[in-house]
Amino acid sequence: QVQLVESGGGLVQTGDSLRLSCAASGRTISTYTMGWFRQAPGKEREFVVAISRSGLTTYYADSVKGRFTISRDNTKKTVVLQMNSLKPEDTAVYYCAEGQRMTTRKVEYDYWGQGTQVTVSS
């Protein structure tokens, strides 16, 4: 079993950047897809980005493409989400998740972190 812990959230202004980290413990993550999802108040949790086991393949939601970048370090068991040009609509709790394959469907991710709050003021 793996434990995922997100960090790096905070309150920023429109156009600012934030770097979210997801630290895994308990076992390796190198054989699993990793993803980020987010959930705004009153809305369903939505897919943000996924990265393949090797890190060579990524898939972004259209809403963040060109602004967010995901990376992973399997040796350190960490996944990083670099978020640039933040907008108020990016405000949400951001969750790190582990799954078996590259997919945007949250039901296919087996393990989740507790989330970290990102608030972007206008």
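Charges at C-beta only: +1 for Lys and Arg, -1 for Asp and Glu. How large is the resulting dipole of region 22-122 about its Cα centre, in Debye rounded to 20?
Working: 14 positive and 9 negative charges, 41 e Å.
Dipole magnitude for region 22-122 comes out near 200 debye.
Placing unit charges on C-beta atoms (Lys and Arg positive, Asp and Glu negative, everything else neutral), compute the dipole magnitude of region 1-49 about its Cα centre in debye, rounded to 20.
Dipole about the Cα centre, nearest 20: 100 debye.
For region 21-29, take each phi angle, set θ = phi - 60°, evaluate the Karplus expression 6.51 cos²θ - 1.76 cosθ + 1.60, and give the result in whole Hz per residue in order, putting x for glycine and proline.
Running phi through 6.51 cos²θ - 1.76 cosθ + 1.60 with θ = phi - 60° gives 10, 10, 9, 9, 9, x, 5, 5, 10 Hz.
Between SER54 and THR78, what's the calculated FRET efficiency when r is the beta-carbon distance and R0 is 22 Å? Round to 0.05.
0.90
Given all pairs of different Cα atoms, what value in angstroms does the Kirkwood hydrodynamic radius of region 58-122 take?
When all Cα pairs of region 58-122 are included, the Kirkwood radius is 13.2 Å.
How much of the DSSP beta bridge set in the chain is antiparallel, as a percent to the nearest 5?
90
Per residue, how big is the convex hull around the C-alpha atoms of region 1-49? Give it to me in cubic angstrom, could you?
On the way: hull volume 5.7 nm³, N = 49.
Hull volume over Cα atoms, normalised by residue count, gives 115 Å³.
Using θ = phi - 60° and the Karplus relation 6.51 cos²θ - 1.76 cosθ + 1.60, list the HN-Hα couplings for region 33-50 in order, rounded to whole Hz, with x at every Gly or Pro.
Computed from phi, the couplings for region 33-50 are 6, 10, x, 10, 10, 9, 9, 8, x, x, 10, 6, 5, 10, 5, 10, 6, 9 Hz.
At 0.36 nm per residue, minus the direct Cα-Cα distance, what do SER17 and SER71 gain on full extension? Give it in nm, one decimal, please.
The SER17-SER71 span can extend by a further 17.9 nm.
Here, each number is a calculation from the coordinates, and none is a lab measurement. These numbers come from a predicted model, not from an experiment. When we count neighbours, we look across all protein chains shown, and the Cβ atoms used for this are built from the backbone with ideal geometry, even at glycine.
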